[in-house]
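First up is the structure itself, then whatever we jot down about it.
The values are calculated or read from the model by the stated rules, or taken from the named source; none is laboratory data. Keep in mind the model is a prediction, meaning the values are calculated, not measured. Note that each Cβ is placed from the backbone with ideal geometry, even for glycine, and that neighbours are counted across all protein chains shown.
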Amino acid sequence: MAISTTLNREQRRARGSRGGPALRPAASSPDAVFAAALRNHQAGRLTEAEALYRQVLAIDRRHADSLHLLGVVAHQQERPDLAVTLIGKAIAIRANEASYHSNLGNALWKQGRLAAAETSYRRALKLKSDYPKAHFNLGTVLWKQRRLDEAEVCYRDAIVLQPNYPEAYDNLGGVLKDLGRLDDAMECYRAAIQVRPNYPDAHNNLGTALLAHGRPDEAIACYIAALKLRPDYPEAHYNLGIVSSERGQPATAAAHYRAALALRPDYADAHLNLGVALKELGQLDEAVTHYRAAIAIEPDHPEAHSNLGIALLAQGDLTEGWGEHEWRWRTPRMIDAVRGFSRPQWRGEAAAGKTLLIHAEQGFGDTLQFCRYARLAKERGSRVVLEVQKPLVRLLRGLEGADLVIGRGEPPPPFDLHCPMLSLPLALNTTLATIPGAMSYLNADPAQAARWRARLAAMRHEGPRIGLVWAGSRRDHSRDLAAVDKRRSIAPDRLAPLLDLSAAQFFSLQKDGPPAPADFPMIDVMDEMDDFADTAALIVNLDLVIAVDTAVAHLAAALGKPVWLLDRFDGCWRWLTNRADSPWYPGVRLYRQPRPGDWDSVLARVTCDLRKLVAVFTVATL
């Protein structure tokens with residue numbers, strides 16, 4: 001907030017030099033002492049100023065300007081309660097001073113009393129409508145309350161009154177950025193820099209807008225400019241970490257986050273993002289340390305809790321992990337997905353005679369993995385209604401434990417309890433030892449499967465039939481999820497070594513994503529697949545599925561088919577760490593990258609094992 005040092009007539013008479021050593025008055029009159037206090041205050045010598053303001057008040061306890069500026073000193077010293085008391089006393093003596101009300105607003109803001117601060121700023125503007133600092137401060141408190149349109153008006157009013165007001169341009173840029181008007185925001189940040197070229201905050205904020213606009217190189221230049229102006233600028237280091245992370249450079253990102261924390265150890269978001277970078281680097285124990293550090297600083301930080309939950313689950317600590325994972329509902333990515341049902345959430349209790357709505361919450365793969373819990377929920381006595389994505393409805397109608405399967409968007413029948421699908425393991429106290437890891441729990445439609453069996457038999461190939469999946473959904477709606485998809489997917493041409501094994505017959509199971517080269521010896525019938533039930537009927541007629549971490553891998557594993565999973569270095573939590581098998585799916589074999597991005601090693605091992613499989617298959621069919 002902008003602290004007003006507007007001087008009334010008495011203060012203007014007393015104004016003096018801002019530099020030099022601490023000043024002491026030569027006489028004991030209130031005016032002389034006040035003049036010395038003001039000069040010390042303006043020079044930044046707050047302790048000396050405070051002592052002299054109090055000396056004035058010892059002579060004249062109703063000296064309003066001393067009370068006011070003593071309150072300003074308290075505000076600057078992070079003592080907002082005292083500031084409110086002192087400035088309030090000044091207003092009681094002289095209620096028509098706009099600067100008093102504006103600075104009272106600043107102290108109230110510091111106390112977190114935004115509505116009271118807003119009232120004070122409006123009183124200041126009623127007394128002095130051409131008061132740019134009050135317009136600015138009102139804009140800031142409105143911005144804090146997410147009243148963006150009103151905040152924009154206030155900042156523009158401040159700029160009209162004071163055209164060379166860099167802070168107003170900078171904050172206006174922030175409001176416009178929040179409104180999604182990135183071009184206008186960047187124009188404001190540039191205006192702030194034009195007024196004050198050595199303004200590190202404006203350079204940093206311009207970088208953030210450029211990054212959101214998809215211009216990372218220009219953003220980096222802005223962050224570096226900010227650091228040249230202010231080397232001890234933790235936010236600029238933090239933002240460089242974000243750019244590095246988005247570019248797939250976790251080691252560089254981690255270095256920037258560490259630099260930010262060296263300057264500001266209580267920077268919760270830097271701890272959080274350092275944890276994310278360390279997880280990508282395979283340093284999960286240290287990642288957990290930083291997630292916990294973020295929570296120690298901000299106990300209600302939802303992303304830190306959620307990420308901690310994911311890391312604990314990856315380490316196999318399912319007991320604490322499931323509980324921390326529940327914080328996902330308060331993260332920006334998930335908060336809009338909260339269903340807001342009036343019925344209570346099921347926590348695993350016996351529910352005889354009640355109807356339980358289990359609803360899918362995230363991707364197809366999550367639904368395919370956790371729909372298995374319908375049977376366990378059913379055993380607690382409830383009638384189970386399963387709400388899933390529409391392409392899964394037909395497949396899951398045969399799921400054990402599900403009395404009714406409906407598509408997302410269809411009105412559910414009346415129900416007594418509900419449970420998000422990924423909250424079921426918590427409700428049922430799942431540990432590594434109690435994962436319901438049956439070899440198969442899904443089935444293809446028998447008639448469809450028979451038709452595919454006949455069709456494949458007509459192709460008259462003696463080798464193993466192998467399905468291939470090389471890419472996931474791009475998920476462009478989220479920069480974070482898009483970055484994960486980029487790490488988990490493989491360019492299809494890199495599968496060429498596998499396809500050299502002519503004894504095997506390869507089938508594409510890739511529904512979307514980059515197409516395989518036209519000359520690949522691979523059968524592609526995916527344009528015939530309208531839903532997952534169609535794909536399941538084909539998969540049950542294959543001998544093996546080789547896939548990156550996608551829904552099709554879950555589908556094949558849940559059908560009981562062997563799956564060789566090509567996994568990125570920072571694999572999903574569900575595959576745990578330091579193991580090549582999965583307690584969730586007995587038929588899954590994991591091939592992890594030994595280093596970030598190293599698909600060559602993965603494909604070399606898969607090719608070697610596939611040769612062995614083909615040889616065994618050939619012998620078995622002789």
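Flag set for D519, criterion: surrounded by fewer than 23 Cβ atoms within 10 Å (Cβ to Cβ) and either over 36 Å from the mean Cα position of the chain (by Cα) or among the charged types (D, E, K, R) (or both).
Residues of segment 527-554 that are of a type outside the set (D, E) and under 28 Å from the mean Cα position of the chain (by Cα): A547, V548, T550, A551, V552, A553, H554. For segment 262-321, the set of residues classified as touching a residue at least 12 places away in the same chain (Cβ under 8 Å), of a type in the set (S, T, N, Q) and in a loop (DSSP other than H, G, I, E, B) consists of Q315 only.
Taking segment 278-324 as the range and being among the charged types (D, E, K, R), within 18 Å of the chain's Cα centre (by Cα) and within 19 Å of P265 (Cα to Cα) as the test, the residues that pass are R292, E298, D300, E303.
Table: residues versus (1) at pLDDT below 95; (2) in contact with a Lys or Arg (Cβ under 9 Å, 6 or more places away or on another chain).
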| site | (1), (2) |
| --- | --- |
| H325 | no, no |
| W346 | no, yes |
| G353 | yes, yes |
| F364 | no, no |
| T367 | no, no |
| C371 | no, no |
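Entry remark, segment 233-278: residues being of a type in the set (K, R) and at pLDDT 95 or above number 2 in total. When residues in segment 245-273 are screened for being more than 20 Å from R230 (Cα to Cα), among the small types (G, A, S) and crowded, with 22+ Cβ neighbours inside 10 Å, 2 of them pass.
Taken together, the criteria exclude L468 from residues that are modelled with pLDDT of 90 or more, in a loop (DSSP other than H, G, I, E, B) and hydrophobic (A, V, I, L, M, F, W, C). Which residues, counting only those in segment 550-579, are farther than 22 Å from L422 by Cβ, touching a residue at least 12 places away in the same chain (Cβ under 8 Å) and surrounded by fewer than 20 Cβ atoms within 10 Å (Cβ to Cβ)? Selection gives G560, P562, F569.
Inside segment 130-153, residues that are hydroxyl-bearing (S, T, Y) and not in a helix (DSSP H, G or I) make up a count of 1. All but one of (1) of a type outside the set (S, T, Y); (2) within 33 Å of the chain's Cα centre (by Cα); (3) in the same structural domain as F520 (by TED's automatic domain parsing); (4) surrounded by fewer than 18 Cβ atoms within 10 Å (Cβ to Cβ) hold for A458, so report the exception by its number. The failed condition is (2).
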